[in-house]
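The next block holds one structure in the form of structure tokens; read it before the comments.
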Amino acid sequence: MKFEGNLKKMKVLMEGDEIQYTMDLNGDAIYMNDLIGSRIEINFEGRINCIACGTETKKSFGGGFCFSCFTTAPEASPCIIHPELCEAHLGGGRDPEWEEIHHNRPHFVYLAVSSAIKVGITREDQIPTRWIDQGANYAIKIAEVPYRQLAGQIEVALKDVYTDKTNWRKMLTNEYLEGVDLVEEKWALEDVLPSDLIEYFTEDDEVTYLHYPVIEYPDKAKTVNLDKSPNIIDQIQGIKGQYILFKNIGALNIRKHSGYFIQLTT
Ligand SMILES: [Zn+2]
Ligand SMILES: [Zn+2]
């Protein structure tokens, strides 16, 4: 089968113990789990369309934007990367209407384990999506706050204790910290955080374990990008985070190629 369209982040769904990945190319839903173990072909002819306005752009900025949208679109505003700067709860921000809908609403702060314990935040409706997108192995919610800036404050307060980055090399080879007691880890933070932030801690102590559809992880992490390798023909060994793990050429980060117009042959 042949499909074409602009790449965007794969949709993820947790079905019991299994993570299901779906790629949407111009309205066609492609069930990626069904392609694991088989060869696919991806062709990129150099066209990139901005994920916000659709305009063709030579280079993508901030993960899929044209330069103009990168500097003006609310989805690319500074409070995306620095939530502690968010002004949504004050009626402010780059686009106050967008901020009201997306950031002036409940957010979670969480701990997620891969090769290290990472602190992160996300919107209430993005769990477990966010954990899966990052390729975490297991995770727990720590706090639930009414708006984004507060989540940012907690994250900043915990940056000395935990990393806020994922080591993608170790994530791709599946080297992760086993046996971390996340419930204990979470409640130990009561001694670390100021009491006005502790009041937002959630009683929900469920630890979510994430199992990725992977036949075999690579021994060494290696990535491939469509700018340098516009034609890919290889067997899919699995999917983790937003990476498709190919047998020989390495891992392709789909999210990083948002807006790339591709042809996919299965
Ligand atoms: Zn644009
Ligand atoms: Zn914001």
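The values are calculated or read from the model by the stated rules, or taken from the named source; none is laboratory data. Since the model is a prediction, treat every value here as computed from it, not as a measurement. Quick reminder, even Gly has a Cβ in these numbers, built from the backbone with ideal geometry, and neighbours come from all protein chains shown.
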>> Test of understanding: among 196, 219, 234, 205, which residue is surrounded by fewer than 16 Cβ atoms within 10 Å (Cβ to Cβ) and either touching a strand residue (DSSP E or B) at 6+ places or on another chain (Cβ under 8 Å) or in a strand (DSSP E or B) (or both)?
In response: 205
>> For the range 22-44, check the following and say yes or no: at least one residue is touching a residue at least 40 places away in the same chain (Cβ under 8 Å), within 12 Å of ligand 1 (Cβ to nearest atom) and on the phi > 0 side of the Ramachandran plot.
In response: no
>> I'd like the full set of residues that are part of a strand (DSSP E or B) and either touching a Pro at 6+ places or on another chain (Cβ under 6 Å) or within 11 Å of ligand 2 (Cβ to nearest atom) (or both), limited to the range 80-122.
In response: 107, 121
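State whether the residues of the range 3-17 include one that is farther than 20 Å from residue 256 by Cβ and aliphatic (A, V, I, L, M).
Kept after step one, since they are farther than 20 Å from residue 256 by Cβ, are these residues of the range 3-17: 13-17.
This time we only want the ones that are aliphatic (A, V, I, L, M), so: 13-14.
Within the range 3-17 (the criterion being farther than 20 Å from residue 256 by Cβ and aliphatic (A, V, I, L, M)), the answer is yes, since at least one residue qualifies.
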> Any chance the range 249-264 includes a residue that's at pLDDT 95 or above and exposed (fewer than 13 other Cβ atoms within 10 Å of the Cβ)?
Replying inline: no
